[in-house]
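A short write-up of the structure that comes next.
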Amino acid sequence: MKQQYIKGIPFCSLEYKQVVHILKDWLSEKNEKPRFIVTANPEIVMSAKETASESVHFKNILLSADIITADGIGIILGSKILNGQLKERVTGADLTYDLIEYCNQNSYRVFLFGAAPENNEKAIKNLKINYPHAIFQGQHGFIGKEQIEEVKDQIKQFQPHLLLVGLGSPKQEMFIYDNLQELNVPLSIGIGGMIDIISGNVKRAPKVMRDTGTEWLYRLVTQPKRIKRQLVLPKFLLSVIADRVRKTAN
Ligand code: UDP
């Protein structure tokens, strides 16, 4: 698979349609092996770049993924700075809807783990209405450590084809990594706040903003608390520019 490294993270450089094609194949190969997809934004890249042991562990988790996609305009800009080949975003949000649609066409089972209880319930309710042929089960994400085993049992019994984990990073990637073999789900993806969006309680940016790469601005205006998190973007770009300068100097 074509890849481009940005700050040590190997991004898949295929176009969106090609990635969806591969993921659909993986979903169908029920007994092949469990696969793990990461949709990474600059925040994820930056939290895997430090030398502290948690960062190193997180980076190893990312490197174990079957595909890492460019989730966000920041990664595409980073690729441009490095003269790389990443052309378009392959976001968790778009993948979530396309894969659920595919599960609907094939009457597959989909498990949603994460978000506040009312959002998880409402998301499941909406999905059941909009994708009547797929089979959904949900579990909210505000549980204690002692309940993790119960959630795992729930997932194992349900035997989903697709596991969507919306606990935020790095929690969601850690959960998938730690339990990948045991849960043995064909395809697992960390989807951040998507369950809130599916529930209808949080709105996604208008299409024009998504298409122009300004979704981050919408999120900033509607959720000003994110300012601290979004400051990672300029830090990420500066850090990539520094890499580029070093590369040119060598
Ligand atoms: N969340 C959760 N359990 C937790 C912490 C967070 O289920 O212990 C959920 C939270 O309710 C939200 C999602 O994880 O639905 C994280 O959303 P965020 O906006 O941080 O993710 P992003 O889309 O930015 O990756």
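Structure values in brief
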{"item": "Residue within the stretch 90-106 that is more than 23 Å from Ile22 (Cβ to Cβ), among the acidic types (Asp, Glu), surrounded by fewer than 21 Cβ atoms within 10 Å (Cβ to Cβ) and touching a residue at least 12 places away in the same chain (Cβ under 8 Å) present", "result": "no"}
{"item": "Filtered residue count, the stretch 5-58, keeping only those that are under 24 Å from Glu182 (Cα atoms), part of a loop (DSSP other than H, G, I, E, B) and either touching a Gly at 6+ places or on another chain (Cβ under 9 Å) or modelled with pLDDT of 95 or more (or both)", "result": "1"}
{"item": "Counted residues, the stretch 166-181 - those being within 15 Å of the ligand (Cβ to nearest atom) and under 17 Å from Ser47 (Cβ atoms)", "result": "10"}
{"item": "Qualifying helices (runs of 4 or more DSSP H) (wholly inside the stretch 67-160; at least 1 residues being over 18 Å from Gly200 (Cα atoms))", "result": "73-81, 92-105, 148-158"}
{"item": "Tally of residues being of a type in the set (A, V, I, L, M, F, W, C), surrounded by fewer than 22 Cβ atoms within 10 Å (Cβ to Cβ) and away from the ligand (no atom under 16 Å from the Cβ) across the stretch 182-208", "result": "2"}
{"item": "Within the stretch 209-218, considering residues that are of a type outside the set (Ser, Thr, Tyr) and away from the ligand (no atom under 12 Å from the Cβ), the one surrounded by the most Cβ atoms within 10 Å (Cβ to Cβ)", "result": "Arg210"}
{"item": "One residue from Ile129, Ile189, Ile135 being within 23 Å of Gln105 (Cβ to Cβ) and in contact with a Gly (Cβ under 7 Å, 6 or more places away or on another chain)", "result": "Ile189"}
{"item": "Odd one out for Gly213, checked against (1) part of a helix (DSSP H, G or I); (2) within 27 Å of Gly8 (Cα to Cα)", "result": "(1)"}
{"item": "Per-region count, the stretch 219-250, residues closer than 21 Å to Pro206 by Cα, loosely packed, with under 13 Cβ neighbours inside 10 Å and polar (S, T, N, Q)", "result": "1"}
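The values are calculated or read from the model by the stated rules, or taken from the named source; none is laboratory data. For clarity, every value in this text was computed on a predicted model and none was experimentally measured. Heads up, the Cβs are rebuilt from the backbone with ideal geometry, glycines too, and the neighbour counts pull from every protein chain shown.
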